[in-house]
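First comes the structure, then the notes that go with it.
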Amino acid sequence: MYSALIPALQFEDTYDEDGELEYILEGGLFLDGRAQNQFEQVRMPFFDPNEMNLADDAALAGKLRKSEYAGEMKTLVGEERWQDDAMLNEEA
């Protein structure tokens, strides 16, 4: 739940104990901050070569359409989203 409150990756300017201005990275999701929001964070493992290694939105949508819960998902998202790869992946 706390991740909904994390800001996008940004530089924060602050002063160190010697009064010197320094910039530190703040926010972002994953350890390196590469995901700017929860939607990006959830999508990344699908396309990461070390995880699910799917080629693109069409590959992910194809897997969703072949899943055993495809009928229930189609009913939930509606025909228009079901036929559009990008829109379907937003619902996944």
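No value in this document is a laboratory result; all are computed from the given coordinates. Note that this is a predicted model, so its numbers are computed, not measured. Reconstructed Cβ throughout: ideal geometry from the backbone, glycine too, with neighbour counts over all protein chains shown.
Quick notes on this one:
- Computed from backbone phi with θ = phi - 60° and the Karplus coefficients 6.51, -1.76 and 1.60, the 3J(HN,Hα) list for the range 33-41 is x, 5, 9, 7, 8, 5, 4, 4, 4 Hz; x is used for glycine and proline.
- Going from the residue with the fewest nearby Cβ atoms within 10 Å to the one with the most, Leu88, Leu54 rank Leu54, Leu88.
- Three semi-axes of the equivalent ellipsoid, the range 1-53, Cα gyration tensor, whole Å, largest first: 30, 12, 7
- Projecting the Cα positions of Phe11, Leu88, Pro49 onto the charge dipole of the range 1-91 (unit charges on Cβ atoms of Lys, Arg, Asp and Glu, taken about the Cα centre) puts Leu88 furthest along the positive direction.
- The phi torsions of the range 62-77, fed into the Karplus equation with coefficients 6.51, -1.76 and 1.60 and a -60° offset, translate into couplings of x, 5, 4, 5, 9, 5, 6, 9, 4, x, 5, 5, 4, 5, 5, 8 Hz, rounded to whole numbers, with Gly and Pro shown as x.
- Efficiency of FRET between Lys63 and Gln38 - r from beta-carbon atoms, R0 22 angstrom, step 0.05: 0.60
- 3J(HN,Hα) along the range 82-89, derived from phi through the Karplus expression 6.51 cos²θ - 1.76 cosθ + 1.60 where θ = phi - 60°, amounts to 4, 8, 9, 4, 5, 5, 5, 5 Hz, with x in place of Gly and Pro.
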